[in-house]
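Here's the structure, in structure tokens; my notes come after.
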Amino acid sequence: MLNTILWCFFIYAALGWCIEVIYAASQTGEFVNRGFLNGPYCPYSSTERMSKVDNQISSHAEQAMTLFKGGYNCAQAVVGAFCDETGIDFETAIKLSSSFGGGMGRLREVCGAVSGMFMVAGLMYGFTDPLNKKVRVEHYKLIQALAKQFKEENGSIICRELSGLSTDTNQLIPESRKGEYNKKRSCLEIVGQAAEMMDELIKNRAEELSN
């Protein structure tokens, strides 16, 4: 972990120095060493960049919860929060995940936040070759690991077991998200948790690639 942080620090410092030198040269017409350490490093550029990366990661859970509070369903909230990572536009993300709210179309089956987490994982780490069984197996292992982690922390991945709300699938209009609703289930917190789990996965994958 420390090696990764140091490596990123020096990379961003060097890039920051290059940008500063080019800018200074364009303004003064001559070479100016913009780093305040010996050599081609501009530490404050590195610190600023790394801070932005950390803030971006920590904001996914907040963004997911904000989307949920804004009326999007649990799956939409998670998938919509990760458009910067998956590379798909927000409208497509929201449409793609719209059917999975309320445990899949309010059937109270697999939790929408869990389904949203799986969709993000698929968009980022999924397989495309139908004949590559090894990659398929590895991806399914990843999805099962996420499900196991979520279940260990919440007791289930099933909406009706997490919520304790009505299992009447004929009632298509969602309950109010106030009062007793939030006492019986913390869907808002579950949405944030699913986003945090994805952030943890993304961070771990990035560290594995850098080692």
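Within segment 91-133, the set of residues being in contact with an Asp or Glu (Cβ under 7 Å, 6 or more places away or on another chain) and in a loop (DSSP other than H, G, I, E, B) comprises Gly103 only. Among the criteria (1) out of contact with any helix residue (DSSP H, G or I) (no Cβ under 6 Å at 6 or more places or on another chain); (2) in a helix (DSSP H, G or I), the one Gly71 does not fulfil is (2). Selection within segment 154-211: residues that are modelled with pLDDT of 60 or more, among the polar types (S, T, N, Q) and outside any helix (DSSP H, G or I). The member of this set that is surrounded by the fewest Cβ atoms within 10 Å (Cβ to Cβ) is Asn211. Whether any residue in segment 106-121 is among the basic types (Lys, Arg) and surrounded by fewer than 15 Cβ atoms within 10 Å (Cβ to Cβ) is what I want to check. No, that holds for no residue.
Being over 21 Å from Leu201 (Cα atoms) and surrounded by fewer than 15 Cβ atoms within 10 Å (Cβ to Cβ) is a description that does not apply to Leu96.
Among the residues making up segment 134-144, a single one is aliphatic (A, V, I, L, M) and either exposed (fewer than 12 other Cβ atoms within 10 Å of the Cβ) or outside any helix (DSSP H, G or I) (or both): Val137.
The values are calculated or read from the model by the stated rules, or taken from the named source; none is laboratory data. Everything numeric in this text was worked out from a predicted model, so none of it was measured. Methodologically, a virtual Cβ is constructed for each residue, glycine included, from the backbone with ideal geometry; neighbour enumeration extends over all protein chains shown.
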